[in-house]
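The values are calculated or read from the model by the stated rules, or taken from the named source; none is laboratory data. This one's a predicted model, so the numbers in the text were calculated from it and none came from an experiment. Glycine also receives a Cβ, built like all others from the backbone with ideal geometry; neighbour counts cover every protein chain displayed. To get the accessible areas, we keep the full protein, side chains included, count just its heavy atoms, and leave off ligands, DNA and RNA. Shrake-Rupley method; radii C 1.70, N 1.55, O 1.52, S 1.80 Å.
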Amino acid sequence: WGAIAGIIIFLYIQTKKEDQNLHSWLDILIPSIIIGLAISHIGAFFDGIHYGHETSLPWGVNFENSAVKYAVPIHPTQIYAFLYSAAIATTLIFINNLKKFQETPGLLAATGIVSYSSFYFLEQFLRGDDTIMIWIIRLPQILAAITILIGIKLLYKILTQNKKPLAKSKKK
């Protein structure tokens, strides 16, 4: 998350310096970043990190890894994350061809940010690995909620900026 924030800050500075549209660049980068995250989730599965808590579902997995604190089947949250990441990236690539998304810079990126962060927030309910807890909420959930709010604000800004005012009718 820190690397992604750093890239976006760097990109913001560069686009201002070069007088380019940040939103257009984000439309290119966000689907690519989500594809990268999907691939990293597969790596997390093979490494036995970012795992879920106990489950009795038939697709529960056992890890023979000393870092995993469960010896019973657990949710393969890494696979869930791969599936939703791949679905979001595929959807973003598909809807990029729609006229509304091509004419509205940043709409694709904001949609991707809100979608990924929402699924990530929900995934955290199934996670069993240790993290910082604030009351009963995991710190990654709080960060995801903040990212969702930023994405919604960006979506609102993009949609209201690109809305053309209705022409006033002339009185005769």
- Message: Only four residue types carry charge here, +1 at the Cβ of Lys and Arg and -1 at the Cβ of Asp and Glu. Report the dipole size of the range 84-166 about the Cα centre in Debye, rounded to the nearest 20.
- Response: 500
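Would you please name the trypsin sites (Lys or Arg not before Pro) within the range 5-76 that are DSSP coil residues with at most 16 other C-beta atoms within 10 Å of their C-beta?
Here the trypsin sites (Lys or Arg not before Pro) that fit, given the DSSP loop and packing criteria, are Lys69.
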- Message: Accessible area of the range 42-152 with a 1.4 Å probe: how many percent of it is carbon plus sulfur?
- Response: 70
- Per DSSP, the loop-located GluC sites (Glu not before Pro) within the range 60-137 having at most 10 other beta carbons within 10 Å are Glu64
- Message: With a cut-off of 8 Å between alpha carbons and a minimum separation of six or more residues, what is the relative contact order of the range 37-128 in percent?
- Response: 33
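In the range 99-135, which chymotrypsin sites (Phe, Trp or Tyr not before Pro) fall in coil by DSSP and have 16 or fewer other Cβ atoms within 10 Å?
Numbers: sites: Phe101, Tyr116, Phe119, Tyr120, Phe121, Phe125, Trp135; in loops: Trp135.
Here the chymotrypsin sites (Phe, Trp or Tyr not before Pro) that fit, given the DSSP loop and packing criteria, are Trp135.
Which value in deg cm²/dmol, rounded to the nearest 500, describes the helix-derived mean residue ellipticity at 222 nm for the chain, given -39,500 (n - 2.57) per DSSP H run of n ≥ 4 and division by the residue count?
On the way: 6 runs with 106 residues, N = 172.
So the helix-based figure for the chain works out to -21000 deg cm²/dmol.
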- Quick one: Cα convex hull volume of the range 62-141, Å³ per residue? 106
- Note on the structure: Here the relative contact order (percent) of the range 16-172, from C-alpha pairs under 8 Å and at least 6 apart, is 25
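Treating only the Cβ atoms of Lys and Arg (+1) and Asp and Glu (-1) as charged, compute the dipole magnitude of the chain about its Cα centre; round to the nearest 20 debye. Don't jump to the answer; show the numbers that get you there.
On the way: 15 positive and 10 negative charges, 345 e Å.
Approximately 1660 debye in magnitude.
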- With no solvent and one equal point scatterer placed on each C-alpha of the chain, evaluate the Debye formula and give log10 I(q)/I(0) for q = 0.09, 0.17 Å⁻¹, two decimals. -0.40, -1.08
- Query: With the other protein chains left in place, how much accessible area per residue, in square angstrom, belongs to the chain at a 1.4 angstrom probe?
  - Reply: 66
- Task: Under a 10 Å cutoff between Cα atoms, tell me which one of Ser40, Ser85, Ser56 has the largest fluctuation in the Gaussian network model of the chain.
- Result: Ser56
